[in-house]
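See structure below.
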Amino acid sequence: MTSTLTEPKAAKAAKSSKPVIVLRNIRKTYMMGHVAVEVLRGISMTIDPGDFAAIMGASGSGKSTTMHIIGCLDVPSRGYYWLDGIDVRSLTDEDLSKIRNRKIGFVFQSFNLIPRLSVLANVELPLTYQGVKKQERRERAVAALSATGMSHRLIHMPTELSGGEQQRVAVARAVVTNPSILLADEPTGNLPSHQSAEVMNIFSQLNAEGRTVILVTHEEDIAEHAKRIIRIQDGMVVRDTRSLPVDALPPRLDASSKKTASRPISARLADGSSPPHGLLLNTDTPSESISRDSK
Amino acid sequence: MSWADNFIIAIRGITANKVRSALTVLGLLIGVSAVIILVAVGNGSSLSVEQRINQLGSNTLTVLNTGRFGRGPAVSGTQTQEATLTMTDVKDMENPNEAPDVKSVSPVVSTSETATYGSASYSTSVIGSTASYLSAEDYTLSSGNPITNQEVTSHSRVVDIGSEVVSNLFDPGQNPIGQTIQLGSVNFQVVGVLASKGSSGLTNEDSVVIAPYTAVQDELTGYSQSFSELIVQGKSSSTLNLAESEVESILAATNNTTIANLPFNIINQASLLSTAKSTTSTLTVLLGAVAAISLLVGGIGVMNIMLVTVTERTREIGIRKAIGASKAAILVQFLFEAVLLSLIGGALGVGIGMIGTVFRIDGVRPVVAPYSIILAFGVAVVIGVFFGLYPANRAASLRPIDALRYD
Ligand SMILES: Nc1ncnc2c1ncn2[C@@H]1O[C@H](COP(=O)(O)OP(=O)(O)OP(=O)(O)O)[C@@H](O)[C@H]1O
Ligand SMILES: [Mg+2]
């Protein structure tokens, strides 16, 4: 039942064949008073770079918990998680901050925008923590917001937006850093179908450029955008089906509908930013601050 | 991140929570300005009390007749009589053999009279004494002559009048010297005008008429052996205590009693001054303590506000960490916020404190003590920074997901 069964051997460069995410036997236990509740009961999965996976499952099955662990926002109670081949338990708080900042884009199920900052300031924030200069920061944030159709709401406060609008701002904030891994927890849950299609098209385009995308969804037709569907039930992976190989184009990519389709979306999000993979942890990109040697 | 970015993030944090920021600033402002104003008031009243007592002259003793009975316990039921201050006492005290440290003794009879000149009248206190009274009480003349001992002996009806009496009886520009005024219904001739001593608060020393005691007894109080008080001038303020004990022995002898049972009150200006100094410094300490408490309360208010908003801020910190802020970046942000807020609060507090000390408070002109500014400002900044950073540090140490879930 692991992904390797259905995965065709990657015919691409050796670099991209190395899995970017490996979960082994991840368990997560919460203490409810004196009762221990085991929410994840041995989750294992392997995600190769450039994959596009949809995680599905009933409410309360542990999808968000899994995503938080993958996003380095939470730690498992037991089990192993290798990110780009590095055991995340060996990383310091500082390293994890850098990974969250540069390598991973996360769309929260509950958006998690900072309520007292404007839409623009919210989207700029990850870039601020990267030390991007003000002018560039603004341009990239506006680009990300126009990609999600929110450029007309720059100076609004999050509380002045509808749920769907907040969701699109949250997506813009996740993609603004041009991350190599995009994790989205029900990113279209509050959107009408045409806006879902737009957001999914952003994800498809980023994936077409080689970025890894994992999203949680309840809707079958959203999951159809992915190359692979992982089903979770009661804290365990119960089914893992692949419909397309890792290096294929995403199935529902609709490049023609975009006026700006002549340029890759990542170029529109960020001119000249880092390559999709090996962003942080590979020794062949010494410009990035974390390398294996420094560990 | 650059300093400019940190600064912008901090400013955004401050302006995004206007009420919280305003309350924090207010708490610090009140504490700081209270310290500055109260210490300045204490300081100012110390100085003014010292000044007043210095005005009284620091080398005089005042022997007050309190109307108590003297001459010791009655031998038989009829011998007790009221103790008096008499001319004999004055002569004894002026005797350099008996009281070598006494420079002069001025007997005083006093009363209140309405002074009239033409149609103007003014109620004033009348002091009958001798020539030495003026120098013992630090009076100087702005014009005319002091009363002389010869005038005392000759029972002359002449007066030196205080500046307040002049301004109430005479037209501006009119020379009072040589004029005749009535005290009650008796005519006295003005021979001198006293220079103003300013109000001492206790009594108005410019609303006074000084005449030979003989004339006052003749015309106003009626003749009596007894004086209401004696003003004893010591040779110097350092030997005033010696003079005091000499005066005490003389009085004990004439009244047939012991020093401990003297039927008079003796007020030593030098010891009055030191008592007053210690009283007013106690006052300053007390006011300072009240102010320190208000600064503390302000600090607790700041702490409260910081802790109350910890939920909101913890979520915010969770979000910031989730999108890649390091713990250091968050601490720097909150440090900036806290420093900015407490600098603003402290500076406004100093400003308001300085403005507040310009006004007279209950007749006291506050005098700002520089140490109070430094102390209050320093404490305000420390409180602001500590209570701003402490909750932030706790929240920034959480895992992002735990911070996000916090409520
Ligand atoms: N902090 C926590 N303390 C205790 N239990 C928790 C905590 N967080 C999550 N859980 C429990 O873990 C289980 C899985 O939660 P999770 O959020 O991962 O579900 P989900 O699959 O994302 O559901 P949904 O589709 O509704 O978002 C739920 O039963 C939830 O009650
Ligand atoms: Mg969920």
Notebook entry, point to check: If you count, for each residue, the other Cβ atoms within 10 Å and average over each peptide, how do B:114-126, B:24-36 line up from highest to lowest?
Noted result: B:24-36, B:114-126
Check: Once a ≥ b ≥ c are taken as the square roots of the eigenvalues of the Cα gyration tensor of region B:89-155, is the result rounded (a/c under 1.5), prolate (a/b larger than b/c) or oblate (a/b not larger than b/c)?
Finding: prolate
Checklist line | Average partner coverage of B:8-14, which counts Cβ from other chains inside 10 Å | finding: 2
Checklist line | Average partner coverage of B:321-334, which counts Cβ from other chains inside 10 Å | finding: 6
Next item on the list: With label points built 7 Å along Cα→Cβ from the Cα atoms of A:His152 and B:Thr114, find their separation and express it in nm.
Entry: 9.2
Notebook entry, point to check: What is the calculated FRET efficiency for B:Glu98 to B:Leu141, with r their C-beta to C-beta distance and R₀ = 22 Å, to the nearest 0.05?
Noted result: 0.10
Item checked: Relative contact order for region B:295-407, counting Cα pairs under 8 Å that sit 6 or more residues apart, in percent -> 53
Notebook entry, point to check: Over the Cα atoms of chain B, what is the Rg over Rh ratio if Rh follows Kirkwood?
Noted result: 1.27
Check: Hey, can you list the DSSP H helices of chain B whose Cα span along the axis is 20 Å or longer and whose average Kyte-Doolittle score is at least -1.0?
Finding: B:18-56, B:240-254, B:269-308, B:327-356, B:370-396
Check: Under a 5 Å amide H to amide H cut-off, with H placed in plane at 1.01 Å, what residues pair with A:Gly79 once short-range neighbours are removed?
Finding: A:Arg27
Margin query: Let's test the formula: R0 of 45 Å, r as the Cβ-Cβ distance of A:Ser90 and B:Val297. What FRET efficiency results, to the nearest 0.05?
Written below: 0.40
Next item on the list: Read phi for every residue in region A:141-151 and hand back ³J(HN,Hα) as whole Hz from Karplus 6.51 cos²θ - 1.76 cosθ + 1.60, θ = phi - 60°, with x for Gly and Pro.
Entry: 5, 5, 4, 5, 5, 6, 4, 9, x, 10, 6
Checklist line | Extension gain (nm, one decimal) between B:Ser121 and B:Thr180, 0.36 nm per residue minus Cα-Cα | finding: 19.9 nm
Item checked: Distant-in-sequence amide H partners of A:Asp240 (H built 1.01 Å from N, under 5 Å) -> A:Arg231
Note to self: Among the listed pairs A:Lys63/A:Lys134; A:Lys18/A:Lys63; A:Lys28/A:Lys98; B:Lys103/B:Lys197, which have their C-alpha atoms separated by more than 30 angstrom in this model?
What the structure shows: A:Lys63/A:Lys134
Checklist line | Under-5 Å amide H pairs with A:Ser44, H placed in peptide plane, nonlocal only | finding: A:Asn25, A:Ile26, A:Val237
Margin query: If I model region B:108-232 as equal point scatterers sitting on the Cα atoms and use the Debye formula, what is log10 I(q)/I(0) at q = 0.10, 0.13, 0.15, 0.22 Å⁻¹?
Written below: -0.26, -0.45, -0.60, -1.40
Margin query: Give me a comma-separated list of calculated 3J(HN,Hα) values for region B:256-264, in order, Karplus coefficients 6.51, -1.76, 1.60 applied at θ = phi - 60°, integers in Hz, x for any Gly or Pro.
Written below: 6, 8, 9, 4, 5, 9, 3, x, 10
Item checked: √(5λ) per eigenvalue of the Cα gyration tensor, region B:333-407, largest first, Å -> 39, 10, 9
Checklist line | Cα convex hull volume per residue for the protein assembly as shown (Å³) | finding: 264
Note to self: As a test of the formula, what do you get for the protein assembly as shown when each DSSP H run with n ≥ 4 contributes -39,500 (n - 2.57) and the sum is divided by the residue count, at 222 nm and rounded to the nearest 500 deg cm²/dmol?
What the structure shows: -13500 deg cm²/dmol
Next item on the list: Normalising by the residue count of region B:108-232, find the relative contact order in percent from Cα pairs under 8 Å and 6+ residues apart.
Entry: 36
Margin query: As a test, work out the antiparallel percent of DSSP beta bridges whose residues both lie in region B:108-232, rounded to the nearest 5.
Written below: 70
Next item on the list: Rank by packing, highest mean first: peptides B:271-283, B:153-165, with packing defined as the count of other Cβ atoms within 10 Å averaged across residues.
Entry: B:153-165, B:271-283
Note to self: As a test of understanding, state the convex hull volume per residue of region B:160-277 from its alpha carbons, in Å³.
What the structure shows: 153
Check: Using the Karplus equation 6.51 cos²θ - 1.76 cosθ + 1.60 (θ = phi - 60°), what ³J(HN,Hα) coupling, rounded to whole Hz, does each residue of region A:65-70 give in order, writing x for Gly and Pro?
Finding: 4, 4, 4, 4, 5, 4
Note to self: Which of rounded, prolate or oblate describes region A:41-148 when judged by the alpha-carbon gyration tensor and an a/c cut-off of 1.5?
What the structure shows: prolate
Margin query: Between A:Thr241 and A:Val37, what's the calculated FRET efficiency when r is the beta-carbon distance and R0 is 35 Å? Round to 0.05.
Written below: 0.75
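Rule-based calculations on the coordinates, nothing more; no lab input. Quantities reported herein were computed from a predicted structural model and do not represent experimental measurements. Cβ: placed from backbone, ideal geometry, glycine included. Neighbour counts: every protein chain shown.
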